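Read through the structure below, which is laid out as structure tokens, and then see the notes.
The values are calculated or read from the model by the stated rules, or taken from the named source; none is laboratory data. Not measured: the values here are computed from a predicted model. Cβ placement follows ideal geometry from the backbone for every residue including glycine, while neighbour counts extend to all protein chains displayed. Calculation scope for accessible area: heavy atoms of the full protein, side chains included, ligands and nucleic acids excluded. Shrake-Rupley method; radii C 1.70, N 1.55, O 1.52, S 1.80 Å.
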Amino acid sequence: MTAVSAQETVSPVRFDGNELRASIDALRKQRNAVILAHYYQDPEIQDIADFIGDSLDLSRKAANTEADVIVFCGVHFMAETAKILSPEKTVLIPDIDAGCTLADDCPAEEFAAFRDQHPDHFVVSYINCTAAVKAQSDLICTSSNAVDLVNQLPSDRPILFAPDRNLGRWVQRQSGRELTFWPGRCLVHETFSEEALLKLKILHQDAEVIAHPECQEHLLELADFIGSTSKLLEHSETSDANSFIVLTEPGILHQMIQRMPNKTFYEVPGIDGCSCNACPYMRLNTLEKLLQCLIDLEPAIEMEESIRLRALKPMQKMLAMSN
Ligand code: 13P
Ligand code: SF4
């Protein structure tokens, strides 16, 4: 099968794996597209991506790319962030329904009312929120830079932190700053079983526990290292330990195993052994949908220019303050 031309309309796409990859490859060149992927994507998407990273890495990439089209293999708020930073580009997401509980559970109107109750507060929002919430924020942070950014804020200014209370509590402990939280949480990181983690710790006593700060406080207390997805990856590479119990979405194990074939990684299941530790939104994207969006140039991210401009300010502030 030859590669699909950008002019052809082929819907829906049904190819085998090799044909899919060849077609995506040909079309990304024709479209001058860059494929960005988060670590929680399925392994075959990670393997075909031009760049893989955490939310901070991916924002920087989206801000600086020379491509005309950005295909964002992640969730909606990530693709929206790319559009905020690069409005002249076409930003595609393979599945428009790839949401995020943190963003979905912080509606802009309710957030505005919450802010009105704390008029003197400086508003720090985790990047896992909608453009309309970013537009109401003074500063955006990611799990990679949240502590560092909060440490840079004037010590006499009270801080409102949204939408993830688990990340917020961790930032509060690390920075020593008192924060007021929006009560959001990630359904994936709230699902890990403490019982399963304790059993894994007993079975693998030399293993380090590494955790994402979106996990609940009682699990973070059991961790040897806490950080964003990129930092977890980096730490497992530099640590002397040979095995790791990984408290985050298991998609990241693909990179860990590839980069460190001699080390061992254990994922932690959800409560009752469920596989709900996999993010149901991230996993909506597939290679088929990736090809289809390159053919159709849809679904594309659009937003009101007034919201984009207001959301851009705290994003730029974050990029300027992050080293
Ligand atoms: P990172 O920025 O650490 O990759 O986190 C993104 C995310 O959605 C975690 O659930
Ligand atoms: Fe959102 Fe949680 Fe999925 Fe990350 S893992 S995208 S925070 S629902």
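In cubic angstrom, how much convex hull volume per residue do the alpha carbon atoms of region 1-153 span?
Measuring per residue, one finds 128 Å³ for the Cα hull of region 1-153.
Using the alpha-carbon centroid of each, what span in Å lies between region 177-216 and region 39-53?
Region 177-216 and region 39-53 have Cα centres spaced 24 Å from each other.
In the full protein assembly as shown, how much of T65 is accessible to a 1.4 Å probe, in Å² to the nearest 10?
It works out to around 30 Å².
Under the rule of at least 5 residues apart or a separate chain, name every residue whose amide H is placed under 5 Å from the amide H of T180.
Under 5 Å from the amide H of T180: I159, L160, F161.
Hey, what do the phi angles of region 129-138 turn into as Karplus ³J(HN,Hα) couplings, whole Hz, using 6.51/-1.76/1.60 and θ = phi - 60°, x for Gly and Pro?
Listing the rounded values in order: 8, 6, 4, 5, 7, 4, 4, 9, 10, 8 Hz.
So what J values fall out for region 198-205 if you push phi through Karplus, 6.51 cos²θ - 1.76 cosθ + 1.60 with θ = phi - 60°, rounded to Hz, Gly and Pro as x?
5, 4, 4, 5, 6, 5, 10, 5
What does DSSP give for region 164-323 in terms of the percent of beta bridges that are antiparallel, rounded to the nearest 5?
10 percent
Provide Rg over Rh for the chain; use the alpha carbon set for both Rg and the Kirkwood Rh (inverse mean inverse pair distance).
0.98
Using alpha-carbon positions, what is the distance between the centroids of region 282-323 and region 132-158, in Å?
20 Å
Taking only protein heavy atoms into account and a 1.4 Å probe, give the accessible area per residue of region 1-156 in Å².
Ligands and nucleic acids excluded, the figure is 39 Å² per residue.
Name the residues whose placed amide hydrogens come within less than 5 Å of the amide hydrogen of C106, ignoring near sequence neighbours (fewer than 5 apart) on the same chain.
none
Normalized C-alpha radius of gyration of region 257-323, against 2.2 N^0.38 Å?
Ratio of Cα Rg to 2.2 N^0.38 Å: 1.77.
Only Cα pairs within less than 10 Å get springs; with that Gaussian network setup on the chain, which residue of K263, K231, K61 has the largest fluctuation?
K263
Among D164, D25, D116, which one shows the highest mean-square fluctuation when the chain is modelled as a Gaussian network with alpha-carbon springs under 10 Å?
Result: D116 has the largest fluctuation of those listed.
Using a 1.4 angstrom probe on the protein heavy atoms only, could you order E80, E305, E298 from most to least accessible area?
In descending accessible area the options line up as E298, E305, E80.
Choose one of M321, I307, P261: the residue whose Cα lies farthest towards the positive end of the charge dipole of region 255-323 (beta-carbon charges +1 Lys, Arg; -1 Asp, Glu; about the Cα centre).
Among M321, I307, P261, the one farthest towards the positive end of the dipole of region 255-323 is M321.
222 nm [θ] for the chain, helices only, -39500 (n - 2.57) per DSSP H run of 4+, per residue, to 500?
-11500 deg cm²/dmol
Put +1 on the Cβ of each Lys and Arg and -1 on the Cβ of each Asp and Glu in region 59-129; which of A62, I84, A98 then has its Cα farthest toward the positive end of the dipole?
A62
What number, in nm² with one decimal, is the all-direction average of the projected area of the convex hull of the alpha-carbon atoms of region 59-139?
Spelled out: convex hull of the Cα atoms, projected over all directions, averaged, 5.6 nm².
Which three numbers, in whole Å and largest first, are the semi-axes of the equivalent ellipsoid of region 199-265 derived from its Cα gyration tensor as √(5λ)?
They are 17, 14, 10 Å, listed from largest to smallest.
Order L312, L187, most accessible first, counting only protein heavy atoms with a 1.4 angstrom probe.
Reading off the accessible areas and sorting them downward yields L187, L312.
Considering lysine pairs in the chain that are 8 or more places apart or on different chains, how many have Cα atoms under 20 Å apart?
Count of close lysine pairs: 21.
Using the 2.2 N^0.38 Å rule of thumb for compact globular proteins, work out how region 66-208 stacks up: its C-alpha Rg over that value, please.
1.20
What does DSSP give for the chain in terms of the percent of beta bridges that are antiparallel, rounded to the nearest 5?
Looking only at bridges with both residues in the chain, the antiparallel portion is about 5 percent.
Could you please state how large a percent of the accessible area of region 219-296 is carbon and sulfur, counting protein chains only and using a 1.4 Å probe?
49 percent
What number does region 232-271 give for Rg over Rh if you use C-alpha atoms and the Kirkwood radius?
Result: Rg/Rh = 0.94.
For T264, what residues show an amide H to amide H distance below 5 Å, using hydrogens built from the backbone and excluding near sequence neighbours?
So T264 has HN proximity to S243, F244.
Among A278, A241, A300, which one shows the biggest mean-square fluctuation in a GNM of the chain, springs joining Cα atoms closer than 10 Å?
The residue with the greatest mean-square fluctuation here is A241.
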